[in-house]
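**Student:** There's a structure below that I have some questions on.
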Amino acid sequence: MPRKIRSPEELKKLQIELGRKANNGKVKISVCNGTACRPYGSNPVVQAFKSEIEKRGIFDKVDFRITGCHGFCERGPVAVIEPGNIFYQKIRTEDVPEIIDKTVLNNQVLDRLLFKDPEYKGAIEKLSEVGFYKHQNRILLGNNIKIDPTNIEDYIAIGGYSALAKALFDLSPEQIIDMVKQSGLRGRGGAGFPTGAKWESCKKAPGDIKYVIVNADEGDPGAYANEGLLTGNPHCVLEGLIIGAYAIGSHQGYIYVRNEYPLALKHITVAIDEARKIGLLGDNILGSGFNFNVRINRGGGAFVCGESTALMASLEGKPGEPRAKYIHTVERGLWDRPSDLNNVETWANIPLIINNGPEWFASIGTKGNTGTKIFSLTGKVNNTGLVEVPLGMKLRDIIFNIGGGIRNNKKFKAVQTGGPSGGCIPERLLDLPVNFDELTKAGSMMGSGGMIVMDEDNCMVDVARYFLTFLEEESCGKCVPCREGIRRMRQILNDICEGNGQESDIDLLKELSNHLKDSSLCALGSSAPNPVLTTIEYFLDEYKAHIIDKKCPAGVCKQLIRFFIIDEKCPGCGLCVKTCPTGAIKFMGKKKPVVLDQSKCIKCRTCYDICKMGAVGIE
Amino acid sequence: MSEIVNIIINNVSFQVEKGITILQAARKLGIKIPTLCDNEAIEPYGACRLCIVELEKGSRNRIVTSCLYPVEEGLIIKTDTERVIRNRKMLLSLLLTRCSENRVIKDLAAEYSIERPPFREKYWEKNDCIVCGLCVRACEQIVGVSAISLVNRGISKEPAPPFLEKAKACIGCGSCYYVCPTNAIKMEDRNGIRRIYNWKVEFKLKRCSKCGIPWAPEAQLNYIIKKWDLPDNIFDLCPNCR
């Protein structure tokens, strides 16, 4: 840990020193040990690298770095080796000695660890050429590969905190707010409110005590963009926060992290400690006379606490219930003081805007929707992971170019954007540019950047039911439309899925949806109908099939389907007989088709999934 | 002297104090807006949503909660548009489904010609509580003991004592009972004992030293004596004998 930095000149000096140290001609290995790579076994891989390097005593030849998320979660554990920008994926501990022998010490590339893109019919050596990365613009996530998130020196070495020095010494608070306004940055938490305008209102609000808050309560199922940033590069969020505090005139910040993000919590805690020790937090930051402190608060597991007023109530130690925002939080927020709350990703963009200028930022993306956005690409795509693209990129490009298309050559059906209360967007809208306004127009939303891809095997009524079940559980229960309305909608959807739908249900669902949009207290209630309204609008046929024909076309809703053996295709291998948990399938002898007893079948789908001959049918 | 603002409610212009809510303004002007979770003595909460009104602002109208929205210069408010009534009817349908046998809810729904909710009968429930939180708010803001709070979330949310046990801090004043808009709180004074069944508590009632009639929980009277530093014998007589 370097000594305390007391001036921007000292920071500059340290930066040059660390930069020189980094430019040492050693081979650099960055292994992802992020939240998604860990279950794939990145921890043992990291240990293997450490012990192998130690065993051989090659510290003078290798710079080994454990990093946060690289993004390509599907292929974890992943690593990047420089020079050469070599991208290895699906690394096992057994591969490590060979990586050291061949790649690190002898410049040889191991073909079997390279990513094989079906599109190019061959192995791709460089990370920058892998389809998943090639089409992205990783101005935020790109740094994750370059730094150890628990080492502030790494961040400083790549120019970290120079934006803070610039802000504190070369810019007035008004100039900073102007820059953020000119950049066109809109809130990454989902609503897309212009960040500069929010800061300005908070700055202008009367009162000498003001708060700045980082919203890291990312509770959407399938979304982990904030996690990726906070775990992989906590200092960029912290730097943005300090700059914002200075611009707004706040001396106390809060970072509200959901407790289900242990790694993010650990890394941001370390980052704050290091920043404080080095003089980037606390009193007289960098000798500027500006004082700022920050506290971490852990969320208690309520989805609704991602809503700004509920989050502030929770920070105050009260139950996480939203309140009406007729008086804005920038005027009366946390403890009734002017408070500026922004999402993790919003804060992370600030240093980039200060360093590179608002024009640079505004040149990325499209007019009115500038910069990049991180999406958590999950579901039935080949390449799942965190992707960062300029706003305005087409959905098709994200799903097919970056995501590599649909798994198992199935047919794309829909993509759900914006978390549980986003909408499902159908194939005919795939050329929609992804930005705040277009997603809203299509009945969905940006949300926190979740993107769940669904294929022909997903039943859209069941999908709507799934999200409504989630929202029913997560409604805070304060206001009647949300508490009672979501419950009734979920019950109706349940009935439809179970074959008890009535033709009047669709109108009733629509009526309830409009009611929730009009009358709910907060955005959880008013956006909850989105999954229902969009599936009704784009997949009405599926609703009708369930309600009128009592059929589930995708073969998902158990009460509406029946499994059967296609005799001509069944070779009588008996694989399904062995795996059927209820003994409903009977072996009839070799080369004779098996027989399925409907009365014993619990429709668990195991036989369908295991049969390689396609001899199990669903109707 | 507080600032005066001009507002229009249902096409009629009024002058009201700045900062009061639309609901307070409407009440002063004799315009009726239905509510369940509002009580003038208690901070507004915005849970029942029945007091929604339509606000004309710029080119688009929006629905706001009148118990929370502070009046400001030039507000154009409509309290009974088609959109307001449609939403209010749905609110009452939802409440009636939750409280299908509650007299207050049934009567209010009937005022809006809702005899039966548009949902399948198997969804109907027989609750009395609408989770408006008035009992909890009265206990906290008026009485100052916070013997109960709203626990759980979503459909399981309910007013309850800590850990769903006996409400240890309760003084038996019955404010929760009196303030409840749907008679969901069961309280009974019998044989010199007050019981509040919802909070699993019972209190001995103090007998008037003159007429001998039990008239208030001892715990409540002691709480008042202590809080206001009154003489110990001040409540020896009941209000009738005083």
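The values are calculated or read from the model by the stated rules, or taken from the named source; none is laboratory data. Everything quoted here is computed from the prediction, not taken from an experiment. Cβ atoms come from the backbone with ideal geometry, glycine included; neighbour counts cover every protein chain shown.
**Student:** Kindly check whether there is at least one residue in the range B:58-73 that is in the same structural domain as B:Ile20 (by TED's automatic domain parsing), in contact (Cβ under 8 Å) with a residue 24 or more places away in the chain, more than 27 Å from A:Leu508 (Cα to Cα) and not in a loop (DSSP other than H, G, I, E, B).
**Tutor:** yes
**Student:** When the residues of the range B:15-57 are filtered to those that are of a type in the set (A, V, I, L, M) and not in a loop (DSSP other than H, G, I, E, B), which remaining residue is surrounded by the fewest Cβ atoms within 10 Å (Cβ to Cβ)? Please lay out each step first, then the result.
**Tutor:** Of the residues in the range B:15-57, the ones of a type in the set (A, V, I, L, M) are B:16, B:20, B:22-23, B:25-26, B:29, B:31, B:33, B:36, B:41-42, B:47, B:50, B:52-53, B:55.
From the residues that got through so far, the ones that are not in a loop (DSSP other than H, G, I, E, B) too are B:16, B:22-23, B:25-26, B:52-53, B:55.
On the way: B:Val16: 20, B:Ile22: 28, B:Leu23: 23, B:Ala25: 24, B:Ala26: 24, B:Ile52: 27, B:Val53: 27, B:Leu55: 17.
Among residues in the range B:15-57 that are of a type in the set (A, V, I, L, M) and not in a loop (DSSP other than H, G, I, E, B), the one surrounded by the fewest Cβ atoms within 10 Å (Cβ to Cβ) is B:Leu55.
**Student:** Among (1) closer than 19 Å to A:Gly34 by Cα; (2) of a type in the set (A, V, I, L, M, F, W, C); (3) outside any strand (DSSP E or B), which single condition is A:Val257 missing?
**Tutor:** Every listed condition holds for A:Val257 apart from (3).
**Student:** Another question, if that's okay. Residues in the range A:189-205 that are assigned to a loop (DSSP other than H, G, I, E, B), in contact (Cβ under 8 Å) with a residue 40 or more places away in the chain and not small (Gly, Ala, Ser): how many?
**Tutor:** At the first step, the residues of the range A:189-205 found to be assigned to a loop (DSSP other than H, G, I, E, B) are A:189-193, A:205.
Now drop any that are not in contact (Cβ under 8 Å) with a residue 40 or more places away in the chain, which leaves A:189-192, A:205.
Checking the rest, the ones that are also not small (Gly, Ala, Ser) come to none.
Qualifying residue count, the range A:189-205: 0.
**Student:** Among (1) over 29 Å from A:Lys510 (Cβ atoms); (2) modelled with pLDDT of 95 or more, where does B:Leu95 come up short?
**Tutor:** Tallying (1) over 29 Å from A:Lys510 (Cβ atoms); (2) modelled with pLDDT of 95 or more, B:Leu95 fails exactly one: (1).
**Student:** Would you confirm, using the coordinates I've provided, whether A:Glu125 is farther than 17 Å from A:Lys50 by Cβ and not hydroxyl-bearing (Ser, Thr, Tyr)?
**Tutor:** Answer is yes for this residue.
**Student:** Considering only residues that are touching a residue at least 40 places away in the same chain (Cβ under 8 Å), outside any strand (DSSP E or B), among the charged types (D, E, K, R) and surrounded by fewer than 22 Cβ atoms within 10 Å (Cβ to Cβ), which ones fall in the range A:368-409?
**Tutor:** A:Asp397, A:Arg407
Residue-wise test of (1) aromatic (Phe, Trp, Tyr); (2) facing chain B (nearest Cβ under 9 Å); (3) out of contact with any helix residue (DSSP H, G or I) (no Cβ under 7 Å at 6 or more places or on another chain); (4) under 15 Å from A:Gly422 (Cβ atoms).
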| site | (1), (2), (3), (4) |
| --- | --- |
| A:Glu484 | no, yes, no, no |
| A:Ile496 | no, no, no, no |
| A:Leu508 | no, yes, no, no |
| A:Ser526 | no, no, no, yes |
| A:Tyr538 | yes, no, yes, yes |
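**Student:** If we keep just the residues of the range B:139-148 that are surrounded by 17 or more Cβ atoms within 10 Å (Cβ to Cβ) and not in a loop (DSSP other than H, G, I, E, B), which is nearest to the other protein chains (Cβ to nearest Cβ)?
**Tutor:** Only one residue tops the list, namely B:Glu140.
**Student:** For the subset of the range A:410-438 comprising residues that are of a type in the set (D, E, K, R) and in a loop (DSSP other than H, G, I, E, B), which member is modelled with the lowest pLDDT?
**Tutor:** The extreme case among them is A:Lys410.
**Student:** Quick check, is A:Leu516 at pLDDT 95 or above and not basic (Lys, Arg)?
**Tutor:** Yes; evaluated as a whole, the condition is true for this residue.
**Student:** Could I ask something else about it? For the range B:126-168, name all the residues that are among the acidic types (Asp, Glu) and not assigned by TED's automatic domain parsing to the domain that holds B:Leu221.
**Tutor:** Pass one, the range B:126-168, residues among the acidic types (Asp, Glu): B:128, B:140, B:158, B:165.
Residue satisfying the conditions is B:Asp128 alone.
**Student:** Do we have any residue at all in the range B:70-88 that's within 19 Å of B:Ile130 (Cα to Cα), touching a strand residue (DSSP E or B) at 6+ places or on another chain (Cβ under 7 Å) and of a type in the set (Val, Ile, Thr)? Spell out how you get there, then give the answer.
**Tutor:** Filtering the range B:70-88 down to residues within 19 Å of B:Ile130 (Cα to Cα) leaves B:87-88.
In the following step, the residues that additionally are touching a strand residue (DSSP E or B) at 6+ places or on another chain (Cβ under 7 Å) were identified as B:87-88.
Narrowing further to those that are of a type in the set (Val, Ile, Thr): none.
No: zero hits.
**Student:** Right, next: Return yes or no: is A:Ser51 part of a strand (DSSP E or B), of a type in the set (Gly, Ala, Ser) and in the same structural domain as A:Lys126 (by TED's automatic domain parsing)? Explain how you work it out, then say what you get.
**Tutor:** Details: part of a strand (DSSP E or B): no; of a type in the set (Gly, Ala, Ser): yes; in the same structural domain as A:Lys126 (by TED's automatic domain parsing): yes.
No, not satisfied.
**Student:** Consider B:Arg88 against the criteria (1) outside any loop (DSSP other than H, G, I, E, B); (2) touching a Leu at 6+ places or on another chain (Cβ under 7 Å); (3) away from chain A (no Cβ under 12 Å): it satisfies all of them except one. Which criterion is unmet?
**Tutor:** Of (1) outside any loop (DSSP other than H, G, I, E, B); (2) touching a Leu at 6+ places or on another chain (Cβ under 7 Å); (3) away from chain A (no Cβ under 12 Å), only one is false for B:Arg88: (3).
**Student:** Among the candidates A:Pro571, A:Pro553, A:Pro581, A:Pro593, single out the residue that is within 30 Å of A:Asp507 (Cβ to Cβ), outside the structural domain of A:Asn494 (by TED's automatic domain parsing) and in a loop (DSSP other than H, G, I, E, B).
**Tutor:** Criteria check complete, one pass: A:Pro553.
**Student:** Then there is this: From the list A:Glu17, A:Glu9, A:Glu94, which residue is more than 27 Å from A:Ala275 (Cα to Cα) and of a type outside the set (A, V, I, L, M, F, W, C)?
**Tutor:** A:Glu94
**Student:** Search the range A:510-524 for residues being of a type in the set (Ser, Thr, Tyr) and part of a helix (DSSP H, G or I), and hand back the single one that is farthest from the other protein chains (Cβ to nearest Cβ).
**Tutor:** Among them, the one singled out is A:Ser513.
**Student:** Filter the range A:557-603 for residues that are touching a strand residue (DSSP E or B) at 6+ places or on another chain (Cβ under 9 Å) and of a type in the set (A, V, I, L, M) and give the result.
**Tutor:** Those that are touching a strand residue (DSSP E or B) at 6+ places or on another chain (Cβ under 9 Å) and of a type in the set (A, V, I, L, M): A:Ile561, A:Ile565, A:Ile566, A:Val577, A:Ala584, A:Ile585, A:Met588, A:Val594, A:Val595, A:Leu596.
**Student:** Filter the range A:428-481 down to residues that are more than 26 Å from A:Pro553 (Cα to Cα), of a type in the set (A, V, I, L, M, F, W, C) and in contact with an Asp or Glu (Cβ under 7 Å, 6 or more places away or on another chain), then give me how many there are.
**Tutor:** Number of matching residues: 2.
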